[in-house]
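Heads up, the thing below is written out as structure tokens.
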Amino acid sequence: MQQRPPTQLPAPIGFAHRGARAYAPENTLESFRLALQQGATGLESDVWVTADGVPVLDHDGIVRRSFGRGKPIAGVRRSELPEHIPSLAELLDQCGTEFDLSLDLKDPASGQRVVDIVSEVAPQMLTKVWLCAPVWETLLPLRGTGVRLVDSTRLGKLKDGPERRAATLHQHGIDAINLHHSDWNGGLVALFHRFERVAFGWDTQEPRIIAMALHMGLDGVYCDSPDQMMAVFAEMLGNTPPATASDA
């Protein structure tokens with residue numbers, strides 16, 4: 001077990017990106033269940049709201065048709081969606097609440113609807129829900145709801161510079177920043193930690209990249225292969241090794 005720098009969370013989170021998408025259809029209950037079986041401590045998805053106000057989990061937000069153009073989820077009722085697209089309530093019902101949940105907010109209504117559903121179905125999980133947006137200012141109305149708020153961006157887009165951004169996020173109550181793993185280095189992680197902001201790294205697909213991310217002190221990473229991700233966690237943090245894809 002290797003020594004890690006001080007971090008903002010008791011333990012780093014291993015987010016399964018769209019579930020165990022390396023082994024099962026992404027953003028399906030099958031994929032999410034498999035990810036948890038493989039040891040993932042967090043799940044990740046994109047969230048959209050249907051025409052009748054139901055938060056559902058899908059990547060591009062388009063309902064594909066056999067012929068013709070697809071239709072946006074926002075223009076379709078929940079009952080009209082394909083069976084493989086789960087609702088947020090179904091995820092919590094089928095997979096429980098013993099994990100962190102990272103959701104990319106894909107339309108203006110989705111954040112509050114996520115808060116509403118989690119408050120109704122599993123209020124104890126509110127502090128384990130991380131709501132991500134590429135424009136952090138859009139998260140401000142969600143402060144005080146109990147969920148965690150994440151500035152999801154790239155280092156090159158921080159026109160105010162990383163130190164000013166860290167200070168701004170601290171000032172406005174945005175809990176975390178999520179950058180591509182290639183944007184991070186140990187000094188940058190330490191900078192955001194100095195302002196008590198959680199630091200996540202996405203697209204950590206290879207074991208060596210996951211190991212580097214943990215070594216520099218990132219608080220969470222995102223990966224398509226939860227079994228490989230959690231094997232690195234076990235090696236570096238001394239956790240129990242997860243099930244492999246063949247075991248699941």
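Tell me which residues, restricted to the range 105-118, are touching a strand residue (DSSP E or B) at 6+ places or on another chain (Cβ under 7 Å) and not in a loop (DSSP other than H, G, I, E, B). If the condition is that a residue be touching a strand residue (DSSP E or B) at 6+ places or on another chain (Cβ under 7 Å) and not in a loop (DSSP other than H, G, I, E, B), then 105, 110, 111, 113, 114, 117, 118 are the ones that fit. Among residues of the range 119-147 being touching a Ser or Thr at 6+ places or on another chain (Cβ under 7 Å) and not in a helix (DSSP H, G or I), the one that is farthest from residue 199 (Cα to Cα) is 122.
Just give me the residues in the range 35-60 being surrounded by fewer than 18 Cβ atoms within 10 Å (Cβ to Cβ) and under 17 Å from the mean Cα position of the chain (by Cα), in sequence order.
We begin by selecting, within the range 35-60, every residue surrounded by fewer than 18 Cβ atoms within 10 Å (Cβ to Cβ); these are 37, 51-53, 59-60.
Hits for the range 35-60 are 59, 60.
Yes or no: residue 151 among the acidic types (Asp, Glu), more than 28 Å from residue 86 (Cβ to Cβ) and not in a helix (DSSP H, G or I)? Quick ask: steps written out before the conclusion?
On the way: among the acidic types (Asp, Glu): yes; more than 28 Å from residue 86 (Cβ to Cβ): no; not in a helix (DSSP H, G or I): yes.
No.
Okay, residues lined up against (1) within 25 Å of residue 100 (Cα to Cα); (2) touching a strand residue (DSSP E or B) at 6+ places or on another chain (Cβ under 7 Å); (3) of a type in the set (D, E, K, R); (4) part of a helix (DSSP H, G or I):
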{"site": "21", "(1), (2), (3), (4)": "yes, no, yes, no"}
{"site": "24", "(1), (2), (3), (4)": "yes, no, no, no"}
{"site": "30", "(1), (2), (3), (4)": "yes, no, yes, yes"}
{"site": "36", "(1), (2), (3), (4)": "yes, no, no, yes"}
{"site": "44", "(1), (2), (3), (4)": "yes, yes, yes, no"}
{"site": "52", "(1), (2), (3), (4)": "no, no, yes, no"}
{"site": "60", "(1), (2), (3), (4)": "yes, no, yes, no"}
{"site": "74", "(1), (2), (3), (4)": "no, yes, no, yes"}
{"site": "79", "(1), (2), (3), (4)": "no, no, no, yes"}
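Quickly run through the range 1-19 and pick out the residues that are over 18 Å from residue 202 (Cα atoms) and either among the hydrophobic types (A, V, I, L, M, F, W, C) or part of a strand (DSSP E or B) (or both). Scanning the range 1-19 gives a single hit, 1. Contact annotation: residue pairs with Cβ atoms under 8 Å, 6 or more positions apart or on different chains, pairing a residue in the range 205-227 that is touching a residue at least 40 places away in the same chain (Cβ under 8 Å) with a partner that is crowded, with 20+ Cβ neighbours inside 10 Å and acidic (Asp, Glu), are 220/100; 222/44.
When every residue of the range 129-146 is checked against the conditions, none turns out to be in contact with a strand residue (DSSP E or B) (Cβ under 6 Å, 6 or more places away or on another chain), polar (S, T, N, Q) and either closer than 26 Å to residue 38 by Cα or free of Cβ contacts under 8 Å to residues at least 60 places away in the same chain (or both). In this structure, residue 218 does not qualify as more than 18 Å from the chain's Cα centre (by Cα) and either over 23 Å from residue 18 (Cα atoms) or part of a loop (DSSP other than H, G, I, E, B) (or both).
State all residues of the range 170-183 that are over 14 Å from the mean Cα position of the chain (by Cα) and either of a type in the set (Ser, Thr, Tyr) or buried (at least 23 other Cβ atoms within 10 Å of the Cβ) (or both); if no residue qualifies, say none. Matches in the range 170-183: 174, 182.
Across the range 95-120, which residue is surrounded by the most Cβ atoms within 10 Å (Cβ to Cβ) among those that are in contact (Cβ under 8 Å) with a residue 40 or more places away in the chain and hydroxyl-bearing (Ser, Thr, Tyr)? Ranking the qualifying residues of the range 95-120, first place goes to 102.
Taking each residue of the range 38-66 that is touching a residue at least 60 places away in the same chain (Cβ under 8 Å) and among the acidic types (Asp, Glu) and looking for partners that are surrounded by 14 or more Cβ atoms within 10 Å (Cβ to Cβ) and part of a loop (DSSP other than H, G, I, E, B) with beta-carbon atoms closer than 7 Å, six or more apart or interchain, yields 44/18; 46/58; 46/59; 46/106. Considered as a group, the residues in the range 23-34 that are surrounded by fewer than 22 Cβ atoms within 10 Å (Cβ to Cβ) and hydrophobic (A, V, I, L, M, F, W, C) include one that is farthest from residue 9 (Cα to Cα), and that residue is 24.
Since every read-out is calculated from the coordinates, none of them should be taken as a lab result. The shown structure was predicted, so the numbers you read here are calculated from the model rather than taken from an experiment. Because the Cβ atoms are built from the backbone with ideal geometry, glycine has one as well, and the counts that use them run over all protein chains shown.
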